[in-house]
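J.: Following this message is one structure expressed as structure tokens.
The values are calculated or read from the model by the stated rules, or taken from the named source; none is laboratory data. Please read these numbers as outputs of a predicted model, since none were measured by experiment. Virtual Cβ from ideal backbone geometry, glycine too; neighbours counted across all protein chains shown. When the accessible area is computed, the model is the full protein with side chains, heavy atoms only, and any ligands, DNA or RNA have been set aside. Shrake-Rupley method; radii C 1.70, N 1.55, O 1.52, S 1.80 Å.
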Amino acid sequence: MKVMTAVKRVVDYNVKVRVKADESGVDIGNVKMSMNPFDEIAVEAATRLKEAGKATEVIAVSCGLAQSQETLRTALAIGADRGVLVETDAELQPLAVAKLLKAVVEKEEPQLVILGKQAIDDDAGQTGQLLAALLDWPQATFASNIEIDGDTATVTREVDGGLEVISLRLPAIVTTDLRLNEPRYVTLPNIMKAKKKAIETVKPADFGIDPSPRLKTLKIVEPPVRKAGVKVPDVATLIEKLKTEAKVI
Ligand code: AMP
């Protein structure tokens, strides 16, 4: 069974991003970029399936700028066997990414595609669902456990107030939640080994896909600064203030 994972290059989660002065987006010049954390979990899950003898090959796919090669190298260092870069300078939105991933799926014919539940830069949380719809495949989103048995996947999903266990017929789409696993630490020997693994580069035009954005961003602004709170001496004063000042009770 071939497993494909989708990995996005995003601003590192430790970086505090700044909004550009013209409110057109966030400033990512000279900012540390990393693999989207949920995608690391996806690559780890695929690698564990390979180590357990359930997967025969793990492919990592990234769509975006040429620098996404670095993200693919990280995926190869975690354990993916080869990478595919769909290289484009276009501003990619989830629908375009889903179309590009669909094209790669049709070429590679994986039985399982694992994506992150959301990219931490745009927080769209749409690509896996769109890909499942475009392929007309079953999907299990927010997975905290994946079991593969023959052509069936049993996935535990994190839902409001508990866990849901569902069974899917492969081929299928799975998106990862935080508790699915803890990605391994990427070691130097594995980084060196990853350098020898192949990364194929293709362009959206090779698949006849126009990745241009369909949604227009009107503006991006900083969240409003929270006003400082006040300390009250006792419960009676709190209740009084809630009644007379906040007027909520
Ligand atoms: P989103 O719908 O943008 O929140 O992204 C959800 C997931 O889709 C991510 O965690 C990735 O697995 C995948 N994805 C989104 N954008 C890309 C991209 N440019 N290249 C590869 N995978 C992507």
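J.: With θ set to phi - 60° and the Karplus curve 6.51 cos²θ - 1.76 cosθ + 1.60, what are the ³J(HN,Hα) couplings of the stretch 13-18 in order, to the nearest whole Hz, using x for Gly and Pro?
T.: 5, 7, 7, 8, 6, 10
J.: Rounded to the nearest 500, what is the chain's calculated 222 nm mean residue ellipticity when only DSSP H runs of at least 4 contribute -39500 (n - 2.57) each, over all residues?
T.: It comes out at -8500 deg cm²/dmol, rounded to the nearest 500.
J.: So how far apart, in nm, are the two label points at Leu134 and Met192 if each is 7 Å from Cα heading toward Cβ?
T.: In this crude spin-label approximation the distance works out to 3.9 nm.
J.: Mind ranking 19-30, 171-182 by how tightly packed they are, going by the mean number of other C-beta atoms within 10 angstrom, highest first?
T.: Packing order, densest peptide first, comes out as 171-182, 19-30.
J.: Still on this structure, please answer the following. Any of Lys117/Lys227; Lys99/Lys219; Lys50/Lys193; Lys32/Lys219; Lys50/Lys117; Lys117/Lys196 with alpha carbons more than 28 Å apart? Name them for me.
T.: Among Lys117/Lys227; Lys99/Lys219; Lys50/Lys193; Lys32/Lys219; Lys50/Lys117; Lys117/Lys196, the Cα-Cα distance tops 28 Å for Lys117/Lys227; Lys117/Lys196.
J.: Given R₀ = 41 Å, FRET efficiency for Leu65-Val159 by Cβ-Cβ distance, to 0.05?
T.: The computed FRET efficiency comes out at 0.70.
J.: Check Ala55: other-chain or 5+ apart residues with amide H under 5 Å from its amide H, H built from backbone geometry?
T.: When sequence neighbours closer than 5 places are left aside, the close amide H contacts are Lys50.
J.: Still on this structure, please answer the following. Expressed as a whole percentage, what fraction of the accessible surface of the stretch 2-244 belongs to carbon and sulfur atoms when a 1.4 Å probe is rolled over the protein heavy atoms?
T.: With neighbouring chains kept in place, the figure for the stretch 2-244 is 52 percent.
J.: Mind listing which trypsin sites (Lys or Arg not before Pro) in the stretch 202-249 are in a DSSP loop and have 16 or fewer other Cβ atoms within 10 Å?
T.: Hits after loop and neighbour filter: Arg214, Lys216, Lys219, Arg226, Lys227, Lys231, Lys247.
J.: Measure off 7 Å from each Cα along the Cα-to-Cβ vector at Glu106 and Asp122, then give the distance between these two points in nanometres to one decimal.
T.: Going from the Glu106 label point to the Asp122 one covers 2.1 nm.
J.: Another question, then. Given the stretch 174-249, what whole percent of its Cα pairs are spread farther than 16 Å?
T.: 81 percent
J.: When averaged across all projection directions, what area in nm² does the alpha-carbon convex hull of the stretch 110-196 cover?
T.: So the Cα hull casts an average projection of 7.5 nm².
J.: Next question, about the same structure. Tally Lys and Arg at +1 and Asp and Glu at -1 over the other residues with C-beta under 15 Å from the C-beta of Gly162: what net charge comes out?
T.: For residues surrounding Gly162, the net value is -2.
J.: Please give the per residue accessible area of the chain, computed with a probe of 1.4 Å over protein heavy atoms only, in Å².
T.: 57 Å²
J.: Summing +1 for each Lys or Arg and -1 for each Asp or Glu, what net charge is found among the other residues whose Cβ lies under 12 Å from the Cβ of Lys107?
T.: -3
J.: Would you list Ser68, Ser167 from the most to the least accessible area, probe 1.4 Å?
T.: From most exposed to least exposed: Ser167, Ser68.
J.: Mind pulling the per residue volume of the convex hull built on the Cα atoms of the stretch 2-244? Å³ is fine.
T.: 189 Å³
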